[in-house]
Structure formats: structure tokens, C-alpha cells
Amino acid sequence: MLGNKGLKTFIVFEKLDTQIGQLELFRKDKTVQINKIQDLNLDYIDEYEILKEYEREILSETLTEYGDTEYEYKIVNKVARVAVWEFNNTPYIIVFSRGISNLMVKNLIEESFGYKLKRLDFNKVFFNEIIELNDSKVVQTTFKSLNIDQEFSIEGLINESSNFTSENVITELEVILHSLNIKFRVSRLGRVALYGEPDIKTIAIFVERLVNILTYIRKGD
């Protein structure tokens, strides 16, 4: 598995099609391995690990005896590691990855599990729910100016009562959650990053709270 350090950053995906056949676990072929794991032992989360071998081209440089630079391209094999937490009775999948691009992650999960996925874009409603948690404190707000199409960050929270908010869109929040003694950063593109060294149980509780917020918002649609 990725270990606690590898679980500190994740992306939230939404399943667009949940009607799939029974997944055959522990499928192994030449390049992909899927394992069902039980690190959390929680009945509302199904955990999977995906290992994918892929080729990567790297450029090496050497100096000749005459001081010239020689370039050589080499193909090396790499192994991408992806952890998937699927919350039962919700359309949400939490994905942790290492050594693989976001697009490659999305394609790998769709091919392995048979889902059609959409990466969530966190909007103003979601950010407001985070802000209004009774045990949260916003440390920093990053916003995008609609007038000049540029991002800025300020300490603390933007004053919602000012005209300033109508001219800008929040793109990222840095927040302290006192009840879990955890600091995190959540961005508009569905990415969440945790600070410090939280253990896996704390991460699971934190992720569950985020999923509960998303479920609450979804029911209100």
C-alpha cells in the first residue's frame, strides 16, 4: 500500500454509472494487478489497491572527452500505485496515487472497475459548507479575480458581506479542523491535501466527513 504518507493527498471522483457487473478481484495480468484490501476494516468503505506497470522514457546526458554533451533516451519500467476507497451507497470514490498522472488514474480506474467517472469540481456551495463547520477555522483563502483572471491568496476568510466576493471565485481553502486536530487544503479541482502525519484512521474519519458533506449537498439538489 501507499502508507500514511501516500494517503495525505487524494482526488474525489463521482461515478456516473453505478450499474456494473460483479467485479472479479485479484485479477492479474502482465501489467495490472487489482487487490481488495482491509486496512480500515470499515463496512461502509471498500478498499482496493491497483498496481500498474508502464513504460517511461527518460533522457540521460553525458559529457564526452571533448566537453560535448551526448543525449540518450532510455525506456524504463515504472510501477504506479493507486489506492481506491469506494464509499458504499454513494457515488463517490476517493483516489490516492503515486507515480501516475491524474488522467492516467481516471482511465485506469474506469478500465479496471467498469465505471464512468467524473472528477468533482468543488463549488461555492461546497466551500461554504466547509467554512460553516462548527469546528473549522479558515487559515487562508485563495481566490480568482474575475476582472483580471488571476489568483490571489489572503490570510483568513474573505468577508462574505463585502462586494469583493461577488467579483471573485474561491479556488482553494486552507482549513484547520479542530475536532480531528488536522489541517488540510481543499482546491476547486477536487483535490484535497492533508498536513502533518495523520494516521490512517484519522484520514478515514476526515474523508467520511467530506463525503457526508457531498451527500448532503447532493440531496439538496
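Note on Lys118: aspartates and glutamates with a C-alpha under 17 Å away, same-chain residues under 8 apart excluded, are Glu14, Asp17, Glu86, Glu110.
If you stretched the chain out fully between Ser153 and Glu65, how much longer would it get, using 0.36 nm times the residue separation minus the C-alpha to C-alpha distance?
Working: separation 88, 0.36 × 88 = 31.68 nm, distance 5.05 nm.
Using 0.36 nm per residue and subtracting the Cα-Cα distance, I get 26.6 nm.
First measure r as the distance between the Cβ atoms of Asn89 and Glu111, then evaluate 1/(1 + (r/R0)^6) with R0 = 30 Å and state the FRET efficiency to the nearest 0.05. Walk me through the intermediate numbers first.
Details: r = 24 Å, r/R0 = 0.80.
According to the calculation, E is roughly 0.80.
Given a cut-off of 27 Å, name the pairs among Lys36/Lys124; Lys124/Lys183; Lys5/Lys106 whose C-alpha atoms lie farther apart than that in the structure shown. Display every interim value, and only then the final one.
On the way: Lys36/Lys124 35 Å; Lys124/Lys183 20 Å; Lys5/Lys106 21 Å.
Beyond 27 Å between Cα atoms: Lys36/Lys124.
Based on every Cα atom in region 91-161, Rg and the maximum pairwise Cα distance Dmax equal 16.7, 47 Å. Placing pseudo-labels 7 Å out from each Cα toward the beta carbon at Lys74 and Leu40 gives an inter-label distance of 4.0 nm.
Residue-wise HN-Hα couplings along region 192-203, as the Karplus relation 6.51 cos²θ - 1.76 cosθ + 1.60 with θ = phi - 60° gives them from phi, are 10, 10, 9, 9, x, 10, x, 7, 5, 5, 5, 4 Hz; Gly and Pro carry x.
How big is D for the chain, in µm² s⁻¹ as a whole number, if Stokes-Einstein is applied with the Kirkwood radius of its Cα pairs at 37 °C and 0.692 mPa s? Could you put the intermediate results ahead of the total?
Numbers: Rh = 19.7 Å.
Once the numbers are plugged in, D ends up at 166 µm²/s.
In a reduced charge model with +1 at each Lys and Arg Cβ and -1 at each Asp and Glu Cβ, the chain shows a dipole moment near 540 debye about its Cα centre.
Please compute, over every Cα-Cα pair in region 25-106, the percentage with a separation greater than 18 angstrom.
Values: 1912 of 3321 pairs.
Here the long-distance tail beyond 18 Å is 58 percent of all Cα pairs in region 25-106.
The chymotrypsin sites (Phe, Trp or Tyr not before Pro) of region 55-129 meeting both criteria, a DSSP state outside H, G, I, E and B (loop) and at most 12 other C-beta atoms within 10 angstrom of the site's C-beta, are Tyr66.
Region 111-151 and region 54-92 have Cα centres spaced 30 Å apart. Could you name the aspartates and glutamates whose alpha carbon sits less than 14 Å from that of Lys78, not counting residues in the same chain fewer than 8 places away? Leaving aside aspartates and glutamates fewer than 8 places away in the same chain, those within reach of Lys78 are Glu53, Glu55, Glu57.
Going by a ≥ b ≥ c, the root eigenvalues of the Cα gyration tensor, does region 52-93 fall in the rounded group (a/c under 1.5), the prolate group (a/b larger than b/c) or the oblate group?
Details: a/c = 7.31, a/b = 4.84, b/c = 1.51.
It comes out prolate by the Cα gyration axes.
Every read-out reported here was derived from the displayed coordinates using simple, explicitly stated rules and does not represent laboratory data. Bear in mind the structure is a predicted one, so any value in this text is a computation, not a measurement. Counting neighbours? That spans all protein chains shown, and the Cβs are built from the backbone with ideal geometry, glycine included.
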